[in-house]
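Participant: Structure provided below as structure tokens; questions to follow.
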Amino acid sequence: AQVTISHGNARVTAELPTGESVVVLLHGATVLSWKDAAGDEKLWLSDAAKLDGTKAVRGGIPLVFPVFGAGSNGEKTKSLPQHGFARNSRWEFLGKSTSEGDSSNVKLDFGLSSESLDDEYQKAWPFRFGLLYSVTLTRESLTTTIVITNDGDEPFEFQTLLHTYFRIKDIAKVSIDGFDNAPYIDQVAAKAAKTQSGNITFDGELDNIYTPTGGPKQPIVLQEDGKPRLRLVRDNLDDVVVWNPHVAKSAGMGDFEPKDGWKKMVCIEAGSVRSWQKLDKGDAFEGAQTIHL
Ligand code: BG6
């Protein structure tokens, strides 16, 4: 049995012979769905998410580049949209690959470059760059890898983030491991600097930028009802944003449905967002996450 790929005008779907599958929307190269062999969905996607390219997708794995949030780099980021343009641009499907004769994995590659960017974004961020985004599905994991190259003569600075919306059963029963002693910025409390003690649990809106002390290899474990469900390992991405919008923030998002959907989702977002990565002419940055079942 072979890996099945279907490539339409708007999305690419891959399924392993054993039933695991992934769906990627070309708008934003947004992973919309990741299912295990039993058909159990791992990602949360809003019922009101716009999938027609008019807006960034509310759910799945939107990709943040070249700025996180509203931007804090003065002149260089002031014209960019919230979370940058990568999640709001149409990417090109570059093809799939598998290890020879091996149908237990598949890698899908997507590209976006300054040449294919909309005029308004080119004006807002006038650098020459290339983005290569790879989504690798195996029987036990999903890996997403971003490679950023500076193809121009000017150095540039950027932030990037893999904004994963995990689907959960009940936020009240979730705890996330791997953050003990991590310094963080509390975006709900006017960006106050704090330090985490123990696991992360939820009893209201939470929007924190953590820099875990163990570095990127320190696993992050999503637990439900005291049982480990998913394990996330990062490569070269030092920061992790954890976000749950709770009642009021969900109410304010037009594309967030159902309104009590915050009980069923939590964002764990691996990236580099606390400061700025600088890329000189000809240089490349690579960052990745692997989510293990
Ligand atoms: C998170 C931010 O990464 O994304 C939150 O930390 C933000 O502050 C959230 O609200 C969603 O952002 P957006 O632009 O998709 O509504």
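The values are calculated or read from the model by the stated rules, or taken from the named source; none is laboratory data. What you are looking at is a predicted structure, and each value in this text was computed from that prediction instead of being measured. Glycine gets a Cβ as well: all are built from the backbone with ideal geometry, and neighbour counts include every protein chain shown. These area figures cover heavy atoms from the full protein model, side chains too; ligands, DNA and RNA do not enter into them. Shrake-Rupley method; radii C 1.70, N 1.55, O 1.52, S 1.80 Å.
Participant: Each residue of the range 225-236 in turn: what ³J(HN,Hα) in whole Hz from Karplus with 6.51, -1.76, 1.60 and θ = phi - 60°, glycine and Pro shown as x?
Facilitator: For the range 225-236, the Karplus-derived couplings read 6, x, 10, x, 10, 9, 10, 10, 10, 9, 10, 6 Hz, x marking Gly and Pro.
Participant: Take the Cα atoms of the range 1-66, build their convex hull, and give its volume per residue in Å³.
Facilitator: It is 89 Å³ per residue.
Participant: Work out the P(r) tail for the range 174-248: percent of alpha carbon pairs separated by more than 14 Å, whole number.
Facilitator: Roughly 60 percent, once rounded to a whole number.
Participant: Peptides 141-150, 218-227: what's the order by average Cβ count within 10 Å, highest mean first?
Facilitator: For the peptides 141-150, 218-227, the packing ranking is 141-150, 218-227.
Participant: Give me the dipole magnitude in Debye, nearest 20, for the chain about the Cα centre, with unit charges on the beta carbon: positive for Lys and Arg, negative for Asp and Glu.
Facilitator: 500 debye
Participant: Now, a different point. Of L162, L237, L132, which is the most mobile in a GNM of the chain whose springs link Cα atoms less than 10 angstrom apart?
Facilitator: L132
Participant: Using only C-alpha atoms and all pairs of different ones, pull out the Kirkwood radius for the chain in Å with one decimal.
Facilitator: 19.4 Å
Participant: Another one. How about the range 120-157: which GluC sites (Glu not before Pro) there are in a DSSP loop, with at most 14 other Cβ atoms within 10 Å of their Cβ?
Facilitator: Filter output for the range 120-157: E140.
Participant: Can you give me the C-alpha center-to-center distance between the range 90-150 and the range 242-293, rounded to a whole angstrom?
Facilitator: About 18 Å separates the Cα centre of the range 90-150 from the one of the range 242-293.
Participant: Can you give me the accessible area per residue for the chain, using a 1.4 Å probe, in Å²?
Facilitator: 43 Å²
Participant: Ok, one more. Of the heavy-atom accessible surface of the range 59-194 (probe 1.4 angstrom), what whole percent is carbon and sulfur?
Facilitator: Here carbon and sulfur together make up 45 percent of the probe-accessible area.
Participant: Under a 10 Å cutoff between Cα atoms, tell me which one of S104, S197, S89 has the largest fluctuation in the Gaussian network model of the chain.
Facilitator: Highest fluctuation among the options: S197.
Participant: What is the pair-distance distribution P(r) of the range 28-134, computed from all Cα-Cα distances in 5 Å bins starting at 0, with each bin given as a whole percent?
Facilitator: Taking all Cα pairs of the range 28-134, the binned fractions are 2, 11, 18, 20, 19, 13, 9, 5, 3, 1, 0 percent.
Participant: So, one more: Zone of V247 (label point 7 Å along Cα→Cβ, backbone N under 16 Å): which residues in the range 165-190?
Facilitator: 171-172
Participant: When a/c reaches 1.5 or more, the comparison of a/b and b/c decides; with that in mind, is the range 85-183 rounded, prolate or oblate per its Cα gyration tensor?
Facilitator: Note, shape of the range 85-183 comes out oblate.
Participant: Translational diffusion coefficient, Stokes-Einstein: compute it for the range 55-114 using the Kirkwood radius over C-alpha pairs as Rh, at 4 °C and 1.567 mPa s, and state it as an integer in µm² s⁻¹.
Facilitator: The diffusion coefficient I find is 94 µm²/s.
Participant: Please go through the range 148-198 and write out the trypsin sites (Lys or Arg not before Pro) that DSSP classes as loop and that have at most 13 other C-beta atoms within 10 Å.
Facilitator: K169, K191
Participant: Under 5 Å between amide H atoms, partner at least 5 residues away or on a different chain: which partners does L43 have, H built in plane at 1.01 Å?
Facilitator: Counting only residues 5 or more places away or on other chains, the set is W34, R167.
Participant: Continuing with the same structure: Keeping the other protein chains in place, figure out the carbon and sulfur percent of the accessible area of the range 241-293, with a 1.4 Å probe.
Facilitator: Carbon plus sulfur share of accessible area: 50 percent.
Participant: Of the residues V273, V12, V247, which exhibits the maximal mean-square fluctuation in a Gaussian network model of the chain defined by a 10 Å Cα contact cut-off?
Facilitator: V247
Participant: Which of rounded, prolate or oblate describes the range 102-159 when judged by the alpha-carbon gyration tensor and an a/c cut-off of 1.5?
Facilitator: prolate
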